[in-house]
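The values are calculated or read from the model by the stated rules, or taken from the named source; none is laboratory data. Quick caveat: nothing in here was measured; it's all calculated off a predicted structure. Cβ atoms come from the backbone with ideal geometry, glycine included; neighbour counts cover every protein chain shown.
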Amino acid sequence: MANLNRRRICVFCGSSLGRRPEYAQAAAALGTLLAERGLALVYGGANVGLMGIVADACLAVGGEVIGVMPRLLVEKEVAHTGLSKLHVVESMHERKALMAELSDAFIAIPGGFGTLDELCEILTWAQLGLHHKPTGLLNVAGYFAGLIALLDHAVAEQLLKPRHRELLLADDDAGQLLTRCLDAPPVPASSKW
């Protein structure tokens with residue numbers, strides 16, 4: 001049964017489209033799915049790449065979309081002007097903090113450094129007990145297979161504890177991943193050490 005307190009899902013994703021059409025298809029499907037399930041989308045606020053696609057798809061079916069963007073990027077004219085709400089902040093650090101504050105769960109889809117940075121930071125915060133929200137990884141067309149293997153390698157090398165590896169839910173089906181994130185119990189508080 002879905003956790004009714006989870007109403008806003010933060011999506012970390014690329015400001016580029018990538019080379020595979022599956023990435024755009026997955027972004028559109030996830031945006032639509034969020035709106036259909038009555039969930040708000042929180043994301044980086046851009047009108048370009050996979051970010052623009054997930055937002056447009058959610059908006060197209062009546063969903064609520066909340067963007068968070070640093071002023072620097074607003075001035076570069078990449079801010080989405082049709083959002084339910086756009087928060088303009090002063091730095092990337094503020095952006096990530098506000099996205100985390102506004103969200104009840106997190107899902108990463110394909111992206112580059114920014115996506116990986118956001119995903120790793122939110123997982124680190126969970127590991128340290130700074131939040132207790134689930135984090136998912138939508139492994140579109142095997143995009144994150146290398147990252148998943150790296151995390152498993154980190155466990156094998158005893159640089160990541162198995163209980164911390166379990167903080168990241170992964171699936172190649174958006175509906176199943178979203179359900180797992182909504183149904184997940186709060187991330188347990190545990191000592192990193």
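Residues are listed down the side, and each one gets a yes or a no for (1) in contact with a Leu (Cβ under 6 Å, 6 or more places away or on another chain); (2) without any contact (Cβ under 8 Å) to a residue 60 or more places away in the chain; (3) under 21 Å from Thr135 (Cα atoms):
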{"residue": "Pro21", "(1), (2), (3)": "no, yes, no"}
{"residue": "Ala29", "(1), (2), (3)": "no, no, yes"}
{"residue": "Val74", "(1), (2), (3)": "no, yes, no"}
{"residue": "Ser84", "(1), (2), (3)": "no, yes, no"}
{"residue": "Val88", "(1), (2), (3)": "no, yes, no"}
{"residue": "His93", "(1), (2), (3)": "no, yes, yes"}
{"residue": "Lys96", "(1), (2), (3)": "no, yes, yes"}
{"residue": "Glu101", "(1), (2), (3)": "no, yes, yes"}
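I need a count of the residues in the stretch 87-121 that are part of a strand (DSSP E or B) and farther than 23 Å from Asp172 by Cβ.
Going through the stretch 87-121 one residue at a time, the tally reaches 3.
In the stretch 36-82, what residues are of a type in the set (Val, Ile, Thr), farther than 14 Å from Met99 by Cβ and surrounded by fewer than 24 Cβ atoms within 10 Å (Cβ to Cβ)?
Matches in the stretch 36-82: Val48, Val61, Val74, Val78, Thr81.
Exactly one of these conditions fails for His153: (1) modelled with pLDDT of 95 or more; (2) within 16 Å of the chain's Cα centre (by Cα); (3) not acidic (Asp, Glu). Give me its number.
The one condition His153 does not meet is (2).
So, of the residues in the stretch 112-138 that are under 18 Å from Ile9 (Cβ atoms) and β-branched (Val, Ile, Thr), which turns out to be surrounded by the fewest Cβ atoms within 10 Å (Cβ to Cβ)?
Checking each candidate, the answer is Thr115.
Do you know which residues across the stretch 9-49 are in a loop (DSSP other than H, G, I, E, B) and more than 21 Å from Pro70 (Cβ to Cβ)? Step through it out loud before you land on a result.
Here is the first cut: in the stretch 9-49, the residues in a loop (DSSP other than H, G, I, E, B) are 13-20, 37-39, 44-45, 47-48.
Across the stretch 9-49, the qualifying residues are Leu17, Gly18, Arg19, Arg20, Arg37, Gly38, Leu39.
Have a look at Lys96, Lys161, Lys76, Lys85 and point out the one that is under 17 Å from Gly31 (Cα atoms) and charged (D, E, K, R).
Lys85 is the lone residue from the list that is under 17 Å from Gly31 (Cα atoms) and charged (D, E, K, R).
For the stretch 40-57, enumerate the residues that are touching a residue at least 40 places away in the same chain (Cβ under 8 Å) and either more than 22 Å from Val89 (Cβ to Cβ) or in contact with a helix residue (DSSP H, G or I) (Cβ under 7 Å, 6 or more places away or on another chain) (or both).
The answer is Val42, Tyr43, Gly44, Leu50, Val54.
Restrict the check to the stretch 118-130 and report whether at least one residue is at negative phi and more than 18 Å from the chain's Cα centre (by Cα).
Taking every residue of the stretch 118-130 in turn, at least one turns out to be at negative phi and more than 18 Å from the chain's Cα centre (by Cα).
Within the stretch 170-177, can one find any residue that is modelled with pLDDT under 95 and either more than 14 Å from the chain's Cα centre (by Cα) or under 26 Å from Gly67 (Cβ atoms) (or both)? Talk me through it step by step, then tell me what you get.
The first filter runs over the stretch 170-177 and keeps only residues modelled with pLDDT under 95, leaving none.
No, the conditions are met nowhere in the stretch 170-177.
Conditions: (1) farther than 14 Å from Cys120 by Cβ; (2) of a type outside the set (S, T, N, Q); (3) surrounded by fewer than 20 Cβ atoms within 10 Å (Cβ to Cβ). Leu177 meets all but one. Number of the miss?
For Leu177, the exception is condition (3).
Restrict the check to the stretch 100-111 and report whether at least one residue is surrounded by fewer than 16 Cβ atoms within 10 Å (Cβ to Cβ) and over 23 Å from Gly18 (Cβ atoms).
So far as the stretch 100-111 goes, yes, one or more of its residues are surrounded by fewer than 16 Cβ atoms within 10 Å (Cβ to Cβ) and over 23 Å from Gly18 (Cβ atoms).
Of Leu182, Leu159, Leu169, which residue is under 22 Å from Leu98 (Cα atoms) and either assigned to a loop (DSSP other than H, G, I, E, B) or touching a residue at least 24 places away in the same chain (Cβ under 8 Å) (or both)?
Going through Leu182, Leu159, Leu169 in turn, the sole match is Leu182.
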